[in-house]
Amino acid sequence: MISVAQARPASADEAAERDRRELTGSVVDQTTGEPVPGAIVATGSLETTTADDGRFELAGAPSGWLDLVVVADGYEPLVQRVRRGLPVRLLVIPTGELGGSELIMIEEKLKLDGKASSYDVGRDVVRTLPGSGNDALKSLQSLPGAARVPFGLGGLVLRGSAPRDTNVFLDGIEVPILYHFGGLASFFPSTMIESMEMVASGYGARYGRGQGGLVDIRSRPGRTDRWAVGSEVSLLDASVRAEGPARGGNVSLGVRRSFVDAVLAAVPTNDLTLAPRYLDAQLRWQSRSGKLTALLFGADDGISLGTSTNTLDARQSFVRAGLRYAERRGDLELSVVPWLGFDRSAIIANENQVIRSNVTAATRATVQRDVHHGFVAAGLDVQGNRYGYKLVADAPELPTGTMPSSPGVEGSRWAADLGVWTEALHRFAGDKLAIQPGLRGERFGLTDEWVLDPRITLRQQPTPNVAFSQSIGRYHQPALATSTDYQLPGEPFRASSAWQASAGVNVVSKMLGGDITANAFGATLDDLAVDVVSGATPYASPGSAAAGGAAAASRQFTEEQLGSYSYRANRGRGRTYGVETMVRRRVGQLQGWVAYTFSRSYRQGDPWALESYAPYVLDQPHVLTALVTAPVGPRWRIGTRFRYASGNPITPTVGSYMDTGLQEYVALSGRVLSERLPAFAQLDVRIDRSWNRPWGTLKLFLDVQNVTNRLNPEGVSYNFDYSSKQYSRGLPVFPSLGLEYVP
């Protein structure tokens, strides 16, 4: 028996109330706009399946914000934050449209592992970041703790450290550079990267030979089902890659070559010629079991600058060949990475030549056993180097009354480094607390010394969504081979060192659909190799090491490969401190972050800062990055990035005088590095368009850096008598247009 009240149609108010109790919406293919039937939509313990028209109803969903998980055959999994009460439209991306495995993990995992903090970016976002030029590794420059690099030069300045202080590894193989000349592209293609981790400071005992940060990159395996060939063409370069099954495993290979030099060669000029270029290539094989991986990769950069009377040729190249064996047997995990390398850097300016080379043979071995509430690990790190050099130039000036050392104009030297380490992780208090102590001992062959570095990380996780971490440790960095060419008599070189400390918190926010991080950091540096002979050049004159601006900054990025060509000694000290914060949304289609870093970095020990500290030439107190990217319809994606940074320090002029002997004006310098260039601000925009076809996916992207064409000063120059100055501008509006094919 049915009453009249039960049988009557529902009123509009009742229908609205029912809609509020149910979560309704549709699942749609982002590329084609077609509905996706049979997709599983779930939140918590509730689950449903989409109908033939892609629609779904999820009854009994709790009020407020919910995290929906969408899983469908042929599509990438989707997690999106929605609010009950209004119909939602969920856009899913077909499998393969993202290029296979483009998961870039620069990660801050909220788990009790005792590791130092790092950050992650989803694979559907990282290669479409505005300002990156379709290059995943350039996304590192947008993360907290990373200072802005003048002129977009390659390298990373992390938490006030010098670029040479940060080490880069690919599958356990140490790499001499992260970016090609000019920072236009990284040395390794994004499509061959599986994961990537950046630690700005405070990493564990497994790595040494550095007193700054760490970048650890993992390459991805090739396809095992069939062969596929892809390519990319942009205004800067062209690349081709292939991957597929091979005997006993899978193979992937790629090659990329820029054509900026060819374009510039076709442009008529009156006198000046400029021809920059870069080339990189990769070959990777992995066994069917995944235990054995072989890698061969390298890069070659060059730039030629010439006039009718002067020429400058600079070239930098490297090759790496390595074999990685990794196996896990129960609780025991073992990995061994032997590798060989060759580096060469050369600058030839008219009759002057600086040519350096290095042949390296190295092995990294690690053994780890899982134990109750953690693990115990130990490892060996051996590296042998043969350094070669050819120096054809006038020797730098020495103090009066001293005799120079005799490095010779051409020669070689051998050196072997040995590192041994151990560390352990122990969780306790119901797995809410963790401690990870480590100890690393090393011998540096170039300076014939032993060092010992204790390190420890603490981590607390009172709730599943909140974690605290603290770390402190000592780090040693061997002397550069390029620095030992010229040294003061009686002052042999030794390794520099740093004490690093940090403390931070990470909070996962369901309301935000992401997380919030904050880290305070500090470091003291000792025994830095610094210039100890003051020449006649005034500090404020362009080109002086103490002038600041672009000229002084560029030396920081080339010193490791080419040297400083000055007499040096371990008389320098340094200190850095600051705080970095990041608010990030990484759930749903709209993704991005806001990162702010306050950092101060000082140095002492050069002739211009013997008694007191002066700002480091790359010191930037304030760096702000705001980035967002989102799909617009099923085929478009638009993103934008805004960056603000304090100007780099410069040494001002306070006047000049006429040198009657030279018949020219000489600058009178003010306090060294006491002023700054105007602040840097830049807006970048990126637009992506994709076409999904049975034979693959075409992606067209337009990435415009400095879209407002803002004049950002990077250096300063003066007129003949130093009575007026003008700024050299940085990168103008710079578009990068490219087409990518993904099979």
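A short reminder: the numbers here are calculations on the coordinates, not readings from a lab. Not measured: the values here are computed from a predicted model. Note that each Cβ is placed from the backbone with ideal geometry, even for glycine, and that neighbours are counted across all protein chains shown.
For this structure, a couple of remarks:
- Note that segment 685-694 has calculated 3J(HN,Hα) couplings of 9, 9, 10, 10, 9, 10, 10, 9, 10, x Hz, one per residue in order, obtained from phi through the Karplus relation 6.51 cos²θ - 1.76 cosθ + 1.60 (θ = phi - 60°); glycine and proline are x.
- The packing ranking of peptides 22-29, 47-54, highest mean first, is 22-29, 47-54, where packing means the average number of other beta carbon atoms within 10 angstrom of each residue.
- Segment Leu305..Arg369, full-extension length gain: 17.5 nm, with 0.36 nm per residue of separation and the alpha-carbon distance subtracted.
- Couplings 3J(HN,Hα) for segment 243-260, derived from phi with the Karplus relation 6.51 cos²θ - 1.76 cosθ + 1.60 (θ = phi - 60°), are 7, x, x, 9, 4, x, x, 9, 10, 9, 8, x, 8, 9, 9, 7, 10, 5 Hz, where x marks Gly and Pro.
- Under 5 Å from the amide H of Ser736 lie the amide H atoms of Asp703, Val704, Gln705, each residue being 5 or more positions distant or on a separate chain, with H modelled from the backbone and absent for Pro and chain starts.
- Cβ-derived FRET efficiency at R0 51 Å, Ser728 paired with Ala429, nearest 0.05: 0.35
- FRET efficiency for the Trp691 to Phe342 pair, using the beta carbon distance and R₀ = 35 Å, is estimated at 0.25.
- Rounded to the nearest 0.05, the FRET efficiency derived from the C-beta distance between Leu452 and Val594 at R0 = 35 Å is 0.30.
- Spin-label pair Lys291-Leu279: with each label point 7 Å from Cα along the Cα-Cβ axis, the two points sit 3.8 nm from one another.
- Within the same chain, aspartates and glutamates fewer than 8 places from Lys390 are excluded, and of the rest, those with a Cα less than 18 Å from its Cα are Asp313, Asp343, Glu351, Glu410, Asp485, Glu559, Glu560.
- Amide H contacts of Ala479 (H built 1.01 Å from N, under 5 Å, at least 5 apart or other chain): Ala495, Ser496
- Selected from Val260, Leu235, Val215, residue furthest toward positive end of dipole (segment 187-264; charges at beta carbon): Val215
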